[in-house]
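Below is one structure; the comments refer to it alone.
The values are calculated or read from the model by the stated rules, or taken from the named source; none is laboratory data. Because the structure is a prediction, the values reported are computed rather than measured. Backbone-built Cβ (ideal geometry, glycine too); neighbour counts: all protein chains shown.
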């Protein structure tokens, strides 16, 4: 979706053009070879605003219903989402976080000032045990972001030992003293975060040498094997990727990439809920630019790693708007509309195409921050439109990616196969026009088809604490089956996932 699409789409809205258009999609199961890792549906929880405190964690003595300090309503919603991994403690916060301040008796943990996000004082009641126990409750893999910016090699090495060693070692015994006998399984370890910026303002050559040093001392203990992720580039910094691939190479398991759909040209990011049609189409154009960015980073990685042994981890992505009026600007609390849902679906469809290289992604963030799944206010909780996209797209996790051909405008599609079923995610980005879609499945016998849809009357519609069900999924039935061909009438501004058996 380039500038031409943007101009055409805006013109069609301005002219009231609302006739049905036709898109042709042909799916090629015989060309399938790559699996869409479930970890493309990862989440991100930073000590930022009300993400941790008040979002995930309220404490065992809170009046709000909780299980061992975790909010019951949020736990239930996240379990239903089946999140595969959770990244913590940041973000920028990670490179100021000293893990030993967050262990032991909560009443004795030292407080700290969160200099990155609002200057608030944190009591460190949510630390290593609380995070890793949460991952066990949710059944997801923990992804630890290590402190390279202000920490030491020894500090990170001891954290790994504390979490994963089952031996008679100082850190393992300290963990036992703090109430956890057996170690946790911790696979994913980020060696720093945004080391080019808030994580230390480093040059790529310096960070590459630093990574090599840290990685040596982050050891595998007692059957736990670390998957080490180097702090990668911000969107268009291809030189960073070039230097790291050249200097680190196979000493890393993966390289991260951060990309936000954010408006920056006039100093304002814009409102999350009050925007024009032109703003909407600009957002989609910026969102889909991620594909070109990914292609360029992958081309550099392919040059040094043609066998694709090193993964690309887009471990921060999503929309970034101005904070909601009256809220702390350092807390990054924003509403979440159907426009955000479109960004989520379009981005995930792009990630699927590069499943041979992209092994993980983490949307920012899980609760109350940026493009979150969940918003909370005191004892209330709402699910955002983005939550429902992730819920609908669960079917793609660990499924075989099915290549497809498509002709037409304003439609995005992705297909996968798992356990004898084919799932097709379809997005009509047009604000006014229905899209008629013909889907061909050559060589396949199709018996039945069903679907779920997310849409709303206005693209700015969103759920509120007063009206929590304005945007939600409904059954989709406007699809006809004729042997190995489907005809779909896709309403304007809608996201549909079809299940074919």
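Output yes when any residue across the range 433-456 is touching a residue at least 24 places away in the same chain (Cβ under 8 Å), crowded, with 22+ Cβ neighbours inside 10 Å and within 27 Å of residue 140 (Cβ to Cβ), and no when none is.
Yes - at least one qualifying residue is present in the range 433-456.
Just one of (1) in contact with a strand residue (DSSP E or B) (Cβ under 7 Å, 6 or more places away or on another chain); (2) modelled with pLDDT under 95 trips up residue 368, so point out which.
So residue 368 meets the others, but not (2).
Checking the structure you have, find out if any residue of the range 196-209 is modelled with pLDDT of 95 or more, closer than 20 Å to residue 143 by Cβ and not in a loop (DSSP other than H, G, I, E, B).
yes
I'd like the full set of residues that are part of a loop (DSSP other than H, G, I, E, B) and within 22 Å of residue 334 (Cβ to Cβ), limited to the range 439-461.
Hits for the range 439-461 are 456, 457, 458, 459, 460, 461.
Could you tell me whether residue 211 is surrounded by 19 or more Cβ atoms within 10 Å (Cβ to Cβ), closer than 30 Å to residue 238 by Cα and assigned by TED's automatic domain parsing to the domain that holds residue 254?
Judged against the criteria, residue 211 is a match.
Mind listing whichever residues of the range 66-82 are touching a residue at least 60 places away in the same chain (Cβ under 8 Å) and on the phi < 0 side of the Ramachandran plot?
Scanning the range 66-82 gives 67, 70, 71, 73, 74, 75, 77, 78, 79, 80, 81.
Within the range 398-412, take every residue that is surrounded by 19 or more Cβ atoms within 10 Å (Cβ to Cβ) and within 21 Å of the chain's Cα centre (by Cα) and give me the one that is nearest to residue 287 (Cα to Cα).
Among those residues, the one meeting the criterion is 412.
Within the range 237-272, can you find the residues that are touching a residue at least 60 places away in the same chain (Cβ under 8 Å) and under 21 Å from the mean Cα position of the chain (by Cα)?
Of everything in the range 237-272, those that are touching a residue at least 60 places away in the same chain (Cβ under 8 Å) and under 21 Å from the mean Cα position of the chain (by Cα) turn out to be 241, 254, 256, 258, 260, 261, 272.
Among all residue pairs at least 6 apart or on different chains, which show Cβ distances below 7 Å where the first residue, located in the range 278-300, is more than 26 Å from residue 337 (Cα to Cα) and in the same structural domain as residue 338 (by TED's automatic domain parsing) and the second is at pLDDT 95 or above and in a helix (DSSP H, G or I)?
Qualifying pairs under 7 Å: 296/238; 297/238; 297/241; 300/238; 300/241; 300/242; 300/245.
Just wondering, is there one or more residues in the range 101-121 that are closer than 30 Å to residue 350 by Cβ, in contact with a helix residue (DSSP H, G or I) (Cβ under 9 Å, 6 or more places away or on another chain) and touching a residue at least 40 places away in the same chain (Cβ under 8 Å)?
Yes, the range 101-121 contains at least one residue that is closer than 30 Å to residue 350 by Cβ, in contact with a helix residue (DSSP H, G or I) (Cβ under 9 Å, 6 or more places away or on another chain) and touching a residue at least 40 places away in the same chain (Cβ under 8 Å).
In the range 207-220, what count of residues is obtained for those that are within 28 Å of the chain's Cα centre (by Cα) and farther than 14 Å from residue 190 by Cα?
Adding up the residues that qualify gives 1.
Could you please give the count of residues in the range 406-431 that are at pLDDT 95 or above and in a loop (DSSP other than H, G, I, E, B)?
Result for the range 406-431: 3.
Kindly establish whether residue 163 is part of a helix (DSSP H, G or I) and either touching a strand residue (DSSP E or B) at 6+ places or on another chain (Cβ under 8 Å) or modelled with pLDDT under 95 (or both).
Here the answer is yes, as residue 163 does meet what is asked.
For the condition out of contact with any strand residue (DSSP E or B) (no Cβ under 8 Å at 6 or more places or on another chain), within 25 Å of residue 222 (Cα to Cα) and surrounded by fewer than 20 Cβ atoms within 10 Å (Cβ to Cβ), what is the one hit in 106, 175, 180?
Answer to the check: 180.
Give just the number: which of (1) modelled with pLDDT of 95 or more; (2) surrounded by fewer than 22 Cβ atoms within 10 Å (Cβ to Cβ); (3) within 29 Å of residue 207 (Cα to Cα) does residue 264 not satisfy?
Residue 264 satisfies every listed condition except (1).
Quick one: count up the residues across the range 304-361 that are touching a strand residue (DSSP E or B) at 6+ places or on another chain (Cβ under 9 Å) and surrounded by fewer than 17 Cβ atoms within 10 Å (Cβ to Cβ).
Result for the range 304-361: 1.
Just to verify a result, which residue in the range 60-80, among those that are within 19 Å of residue 388 (Cβ to Cβ) and crowded, with 21+ Cβ neighbours inside 10 Å, is farthest from the chain's Cα centre (by Cα)?
Looking at the filtered set, the residue picked out is 74.
Restricting to the range 462-492, give me the number of residues that are buried (at least 17 other Cβ atoms within 10 Å of the Cβ), assigned to a strand (DSSP E or B) and under 25 Å from the mean Cα position of the chain (by Cα).
Qualifying residue count for the region: 2.
Quick check: anything in the range 329-338 touching a helix residue (DSSP H, G or I) at 6+ places or on another chain (Cβ under 6 Å) and at pLDDT 95 or above?
Within the range 329-338, one or more residues are touching a helix residue (DSSP H, G or I) at 6+ places or on another chain (Cβ under 6 Å) and at pLDDT 95 or above.
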